[in-house]
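Undergrad: Take this structure, written in structure tokens, and hold onto it; I'll ask about it next.
The values are calculated or read from the model by the stated rules, or taken from the named source; none is laboratory data. The shown structure was predicted, so the numbers you read here are calculated from the model rather than taken from an experiment. Here Cβ is always computed from backbone atoms with ideal geometry, including for glycine, and neighbour counts include all displayed protein chains.
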Amino acid sequence: MDWDPQKYVEFSDYRNVPFFDLTARITGPEPRLVVDLGCGPGNLTATLARRWPGAHVIGLDSSGEMVRQARRARGEPNLEFIEGDIAGWTPPRGLDVLISNAALHWVPGHLAMMRRWLQQLQPGAWLAVQVPDNFDAPSHALMRALADSPRWSARLAGVLRHDNTVGSVLDYLRLLLEEGCEAQAWTTIYEHVLHDQDPVLEWVRGAGLRPVLAALAAEEAREFEAEFARLLRQAYPATPYGTVYSFRRIFAVGCKKGPA
């Protein structure tokens with residue numbers, strides 16, 4: 001699946017806020033090694049390098065185009081970007097802070113993977129994760145319903161994941177506690193006021209719609225988007241103030257107990 005860094009950051013004013021809400025909960029001594037899994041175009045990873053100038057900060061992403069964009073805009077001397085698959089990643093020795101913001105929902109079985117990471121992390125290390133929890137929102141439910149319709153089901157069968165894409169907020173909290181962390185977990189609903197034509201379609205083009213676009217030829221993708229846009233206009237009517245798009249997210253942060 002191809003990613004478009006420019007499209008992804010189109011709503012960066014809104015997409016960036018959960019990252020800072022997540023990382024604000026990380027406290028304690030200055031880290032020496034920090035990893036950001038699913039770093040995307042790297043603009044948020046760069047803020048970690050500025051926050052912790054004495055740390056080696058690594059951003060990892062499976063998209064070569066995202067990593068190339070991140071490297072072009074790197075800026076900070078303590079910052080490195082590498083291309084790699086989260087599913088095959090193992091925490092390096094000496095890792096102090098592990099962050100994954102809006103990435104793990106793309107990885108099947110990520111709760112079991114997180115458990116392995118926690119078992120490998122040293123005492124005093126932090127794990128901070130944020131995943132979207134809006135898969136039952138109209139934007140995603142309508143996308144799945146359209147993909148399952150007679151016109152598209154043969155082309156899009158199995159393309160969109162839904163069941164077990166993410167756990168509940170309690171699943172993440174229990175996991176952190178069971179693996180010996182001081183932990184906190186919470187949900188936040190962000191009410192985004194979007195503008196311009198078909199803004200919810202433009203939002204999901206940056207992430208959730210990518211598997212559909214990757215599976216269809218260009219003309220088919222335009223046809224699917226036109227039909228999807230009509231459904232979204234009904235579900236998210238424009239107001240004089242803009243289009244309100246509710247987005248629920250899950251956060252989980254833990255620090256592994258024991259002497260650092």
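Undergrad: Can you pull out the residues in the range 113-164 that are closer than 28 Å to VAL35 by Cα and either of a type in the set (Lys, Arg) or in contact with an Asp or Glu (Cβ under 6 Å, 6 or more places away or on another chain) (or both)?
TA: ARG115, ARG116, LEU118, ALA125, ARG161, listed by residue number.
Undergrad: Here's another thing I want to ask about it. So which residues in the range 91-126 are touching a Pro at 6+ places or on another chain (Cβ under 8 Å), at pLDDT 95 or above and assigned to a helix (DSSP H, G or I)?
TA: Once the filter is applied, which keeps residues that are touching a Pro at 6+ places or on another chain (Cβ under 8 Å), at pLDDT 95 or above and assigned to a helix (DSSP H, G or I), the range 91-126 yields TRP117, GLN120.
Undergrad: Conditions: (1) in contact with a Cys (Cβ under 8 Å, 6 or more places away or on another chain); (2) surrounded by fewer than 22 Cβ atoms within 10 Å (Cβ to Cβ). PHE135 meets all but one. Number of the miss?
TA: Unmet for PHE135, out of (1) in contact with a Cys (Cβ under 8 Å, 6 or more places away or on another chain); (2) surrounded by fewer than 22 Cβ atoms within 10 Å (Cβ to Cβ): (1).
Undergrad: Conditions: (1) out of contact with any helix residue (DSSP H, G or I) (no Cβ under 7 Å at 6 or more places or on another chain); (2) closer than 26 Å to LEU111 by Cβ. VAL159 meets all but one. Number of the miss?
TA: All conditions are met except number (1).
Undergrad: Which numbered condition in (1) in contact with a Lys or Arg (Cβ under 9 Å, 6 or more places away or on another chain); (2) modelled with pLDDT of 95 or more is the only one that VAL129 fails?
TA: In the conditions (1) in contact with a Lys or Arg (Cβ under 9 Å, 6 or more places away or on another chain); (2) modelled with pLDDT of 95 or more, VAL129 misses (1) alone.
Undergrad: Here is a further query. In this structure, does PRO53 turn out to be of a type outside the set (Gly, Ala, Ser) and over 21 Å from the mean Cα position of the chain (by Cα)? Break it down stepwise before answering.
TA: Details: of a type outside the set (Gly, Ala, Ser): yes; over 21 Å from the mean Cα position of the chain (by Cα): yes.
Taking the combined requirement at face value, the residue satisfies it.
Undergrad: Would you mention how many residues in the range 18-39 are aromatic (Phe, Trp, Tyr) and either assigned to a loop (DSSP other than H, G, I, E, B) or touching a Leu at 6+ places or on another chain (Cβ under 6 Å) (or both)? Before the answer, list the steps.
TA: Here is the first cut: in the range 18-39, the residues aromatic (Phe, Trp, Tyr) are 19-20.
With either assigned to a loop (DSSP other than H, G, I, E, B) or touching a Leu at 6+ places or on another chain (Cβ under 6 Å) (or both) added as a condition, the list becomes 19.
Of the residues in the range 18-39, 1 are aromatic (Phe, Trp, Tyr) and either assigned to a loop (DSSP other than H, G, I, E, B) or touching a Leu at 6+ places or on another chain (Cβ under 6 Å) (or both).
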